Structure formats: structure tokens, C-alpha cells
Amino acid sequence: MTSAGSAKDKAEILAVIDAETTAWLNRDLEAWSKCWVHEDYARRIASRTIGGAEAIHGYKEHRNRLARVMAAFPEKSTRPSAVRREDLNIRVSSDMAWVTYRQVILSRDIPQGTIGEPGIHHQVRVMERHAGRWLIAALVETQTRLGFLKCPWVRIDAQSHVLDLNKSAEDILQDHRALAVVGERLVGRTRANTALLQHAIDRHLLAPPGHDGNSPYPLLFSDSEDNGICLCWLSTDDEMMVVVLDDEDLARANIQQAREIYGLTETHQKVALAISTGKDLSQTAKALGVQPSTVRTHVRRMFEKVGVRSQAALMRKLLSISAPRV
């Protein structure tokens, strides 16, 4: 944390920011209003992954907009303290101050599906002192996709320490085929799977600044050629690393685009999608209503079109196609 100004100012500013966040999570409009400057020059500017950008001018408009949001999404947080702020910087000059930080709302504790939570929010706050009390005059905020992912996800650091995960990931990791949380680290259930995960992390860390390294990157965990794969993804968007444990929609979109690039047939696409969900060749044949030998023939033909010699290499090629995001 860096700061300029007295420790008293810093503590009071953080208290107001915390009170405003808590009021929002508790859907307490009156408590929220006590944290803001009640003037026409008050501003809230936000950019969200879902919902686009917005600029709200004046306290009255901001309060009215928030009242409508609270009415539409009335569910309160049971643990508003499950919020932390990273890379906090406070600068104070006389009766004005500005604050920057990353605000992390832990999604395992706070219900998903409501606007502005959970996830990581990059925030800038402009503060003013009125009658001896610090108040918020402006808020600029950007949000990451993290809070809007519906599938199980785990946010990790460069050493694969778990920084956050949602409830569905917490549940699925108890008996996940390829991954587990051991000693607060996300690791493979085999040495090979741990090495594969670390290789993907290192691949991201060695990429040039500002380059996402073909994110999301497919992680193809497999016991053997015919045993089926366990597909996960490493997303390095939004300045963070997130392992997505299950995202069939992403796999379907990438395989669809790969079909067009490599000239695959509709049946090839169905075979590839079935394999991406973890089905082995026999299970794929059963799902498609054909013989296992027919599936093997389709796989061999895909080898020829894509230019690979193994099923793992085939799936890595097909799933590495970056489908355009909407």
C-alpha cells in the first residue's frame, strides 16, 4: 500500500469505501447514500463485460439507478466482509483525495448472478472532505469476466496457489479426474498432470507483455490414448490466470471454427466434440450410434486433414482455435 496524507485520513477514507461496498452488498440504499457527495457533479463511470459501459451524471441519477438495480436484484450478501483490496494506493491533498485498487469479491461466499459481483473490479475513487467527513465524489470502475463465468473456475498465481474459486469448482475438485487442491495449491492428481499445468502457466509467463498466448489455452489431461481426455482451460485474460474446469460451450465454438479451417465434416465435428467432453472411443461410438471402428476411421481422417499423428495432438489443434467472443 502507498499513501500520502495522515494515517487518520487514510483510515477514514478506507472506512467510507468499505461502508459503501458493504451497503451495496447488503442492498441498503440509505447506508449507501451516506457515503456519497449529494451534488450534480458526482459521477459513476463503469465498463462491464456484460452490460457494456455506462456514465451516470449526478447524485440523484446515481441513486435512482441504484434503487432500480437493488429492486431487480434484491438478494443480499450473507458475508459482505468477504471483500479484499489489492494494490491499494491513496493520495491526499488538502480536502481532496484519490484512491486506486483492485477490489476482489470472493464468489464462494457471495451469490452469483447479481450485477457487480462476484469477481475482480479495478476501481478509481475521487474523494472530497465535507464538514470534516470524507465522501465519494466519483467512481471509475472496470470489471473482469470472472464474476460472470457460469462454469467452475479457479484463480491461481504463478506458483498455482489458489487465490479464489467459485462454489461449483470447490465441489467438483473433491473428486475431479485430473486436478485437486493440495496445500492451497492447484495440482494434478498425477505428476504428468501437474507438469502439464505448470507448463501452461510458464508458457503464459514467458509470453511478451500484453500478449495472452492464445487464451483460453486448452489443458488436455489424459491417462491413455483410448481412455478419453479431461479437458480444462487456462485463461490469461484480464491480467489474471484462471483455470476453467468445464466449459463445453467454449469447446463447441472452437471445434466449429476448426471445422471450417480444416475442412472437417459434420460427423468429424460430432466425434471431436464427444471426445472433448471426456468420452473414450467406445463411449463416443455409443453416443453417435455407430461402431467403434467407424469412430476410429473418422479420427484417422481428421489426423490427415489436420496434419497430426495422435488423438491428443488432434484435440490440441482443434481446441486451440480461438473462436471469436461475443
Next item on the list: Return the pairs, sorted by first residue and then second, in which the second residue is part of a helix (DSSP H, G or I), the first residue lies in region 7-23 and is touching a residue at least 24 places away in the same chain (Cβ under 8 Å), the beta carbons are less than 7 Å apart, and the residues are 6+ apart or on different chains.
Entry: E20/W32
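In region 83-95, what count of residues is obtained for those that are in contact with a helix residue (DSSP H, G or I) (Cβ under 9 Å, 6 or more places away or on another chain) and either more than 19 Å from L14 (Cβ to Cβ) or modelled with pLDDT under 90 (or both)? Steps first, answer last, please.
The first filter runs over region 83-95 and keeps only residues in contact with a helix residue (DSSP H, G or I) (Cβ under 9 Å, 6 or more places away or on another chain), leaving 83, 85, 88, 90, 92.
Next, from what is left, pick out any that are either more than 19 Å from L14 (Cβ to Cβ) or modelled with pLDDT under 90 (or both): 83, 85.
Of the residues in region 83-95, 2 are in contact with a helix residue (DSSP H, G or I) (Cβ under 9 Å, 6 or more places away or on another chain) and either more than 19 Å from L14 (Cβ to Cβ) or modelled with pLDDT under 90 (or both).
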Notebook entry, point to check: Filter region 164-184 for residues that are under 16 Å from the mean Cα position of the chain (by Cα) and surrounded by fewer than 19 Cβ atoms within 10 Å (Cβ to Cβ); which is farthest from L231 (Cα to Cα)?
Noted result: K167
Checklist line | Selection within region 33-65 - part of a helix (DSSP H, G or I) and touching a Ser or Thr at 6+ places or on another chain (Cβ under 9 Å) | finding: Y59, R63
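Name the single residue, out of those in region 273-326 being in a loop (DSSP other than H, G, I, E, B) and among the basic types (K, R), that is surrounded by the most Cβ atoms within 10 Å (Cβ to Cβ). Steps first, answer last, please.
Pass one, region 273-326, residues in a loop (DSSP other than H, G, I, E, B): 277-280, 289-291, 307-310, 320-326.
So of that shortlist, the ones also among the basic types (K, R) come out as 279, 309, 325.
On the way: K279: 19, R309: 11, R325: 9.
Here the residue is K279.
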Next item on the list: Could you list all residues from region 229-285 that are touching a residue at least 24 places away in the same chain (Cβ under 8 Å) and of a type in the set (F, W, Y)?
Entry: Y262
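Taking into account only those residues within region 254-269 that are crowded, with 18+ Cβ neighbours inside 10 Å and not β-branched (V, I, T), which is nearest to N193 (Cα to Cα)? Show your work before the answer.
Step one: filter region 254-269 for residues crowded, with 18+ Cβ neighbours inside 10 Å, giving 254-255, 258-259, 264, 268-269.
From what's left, not β-branched (V, I, T): 254, 258-259, 264, 268-269.
Working: N254: 23, A258: 25, R259: 28, L264: 30, H268: 27, Q269: 26 Å.
The qualifying residue nearest to N193 (Cα to Cα) is N254.
Determine whether region 224-231 contains at least one residue that is assigned to a helix (DSSP H, G or I), modelled with pLDDT of 85 or more and buried (at least 20 other Cβ atoms within 10 Å of the Cβ).
No, region 224-231 contains no residue that is assigned to a helix (DSSP H, G or I), modelled with pLDDT of 85 or more and buried (at least 20 other Cβ atoms within 10 Å of the Cβ).
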Notebook entry, point to check: Which pairs do you get when a residue that is modelled with pLDDT of 80 or more, found in region 47-58, comes within reach of a residue that is part of a strand (DSSP E or B) and surrounded by fewer than 11 Cβ atoms within 10 Å (Cβ to Cβ), reach meaning Cβ atoms under 8 angstrom, with the pair 6+ apart or on two chains?
Noted result: S47/A53
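For region 131-161, name all the residues that are out of contact with any helix residue (DSSP H, G or I) (no Cβ under 8 Å at 6 or more places or on another chain) and buried (at least 19 other Cβ atoms within 10 Å of the Cβ).
Here is the first cut: in region 131-161, the ones out of contact with any helix residue (DSSP H, G or I) (no Cβ under 8 Å at 6 or more places or on another chain) are 131-132, 137-143, 147-150, 157, 159, 161.
Once the filter is applied, which keeps residues that are out of contact with any helix residue (DSSP H, G or I) (no Cβ under 8 Å at 6 or more places or on another chain) and buried (at least 19 other Cβ atoms within 10 Å of the Cβ), region 131-161 yields A137, L139, Q143, G147, L149.
Condition check ((1) more than 30 Å from S93 (Cβ to Cβ); (2) surrounded by fewer than 17 Cβ atoms within 10 Å (Cβ to Cβ); (3) among the charged types (D, E, K, R)) across all residues:
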| residue | (1), (2), (3) |
| --- | --- |
| S6 | no, yes, no |
| K10 | no, no, yes |
| D18 | no, yes, yes |
| T21 | no, no, no |
| N26 | yes, yes, no |
| E54 | no, yes, yes |
| A67 | yes, yes, no |
| M70 | yes, no, no |
Next item on the list: Search region 194-206 for residues that are under 14 Å from M240 (Cβ atoms) and pair each with any residue that is exposed (fewer than 14 other Cβ atoms within 10 Å of the Cβ) and among the small types (G, A, S) when their beta-carbon atoms are under 8 Å apart and the residues are at least 6 apart or on different chains.
Entry: I201/A158; L205/A158
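The values are calculated or read from the model by the stated rules, or taken from the named source; none is laboratory data. Everything numeric here is computed off the predicted structure, so don't read it as measured data. Positions of Cβ are generated from backbone atoms using ideal geometry, with glycine treated the same way; all protein chains shown enter the neighbour counts.
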